[in-house]
Every structure is written in C-alpha cells, then in structure tokens.
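Following: one structure in structure tokens, then a few remarks.
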Amino acid sequence: MTKPAYLVRDLGGQSGDIRITDPALTLEGAWAVSADNSGPIMVIPAELTASIERLDPDDALHQPDAGPSS
C-alpha cells in the first residue's frame, strides 16, 4: 500500500517546496503537522505556506522532482 504524499508549496517560490509522504498529515490551528507515535516530526506554519496538495500515485509521475519512472 502506498502512503499518501503531499506537496507543500512555499510562499517564497518553488525552491522552498517540499514533498512529504505521510499517512496522517494534519492541520492543527495554523500549522500543518507530520507526526509519528513519538510526536511531531515536522511542523509547517500556515503563514509561510501557499498551498498543500495531496499527490496521488499517478500524479507523482508529473512532478518535476519525481525522477524517471521504473
């Protein structure tokens, strides 16, 4: 089973965009939170985020950083 992936677009431009693979990315108040059983792994403030987009497996092939398909 493939875990959901998300593209977090930075307000400053594409160079700050990140791709997160997380089955349970949540929005908590003004924060996007990626966590595991031990607690938060990454916390992203909404005020620095242009958008968060879920990438389905077929969409990943169309992303610039996806690399060659196998």
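The values are calculated or read from the model by the stated rules, or taken from the named source; none is laboratory data. Just so it is clear, the structure is predicted and the values come from calculations on it, not from any experiment. Note that each Cβ is placed from the backbone with ideal geometry, even for glycine, and that neighbours are counted across all protein chains shown. Quick note on the areas: whole protein, heavy atoms, side chains included, nothing else; ligands and nucleic acids left out. Shrake-Rupley method; radii C 1.70, N 1.55, O 1.52, S 1.80 Å.
Here are a few things to note about the model shown:
- For region 1-59, applying the loop criterion from DSSP together with a ceiling of 11 other beta carbons within 10 Å to the GluC sites (Glu not before Pro) yields no site.
- On a per residue basis, region 1-58 carries 70 Å² of accessible surface, using protein heavy atoms and a 1.4 Å probe.
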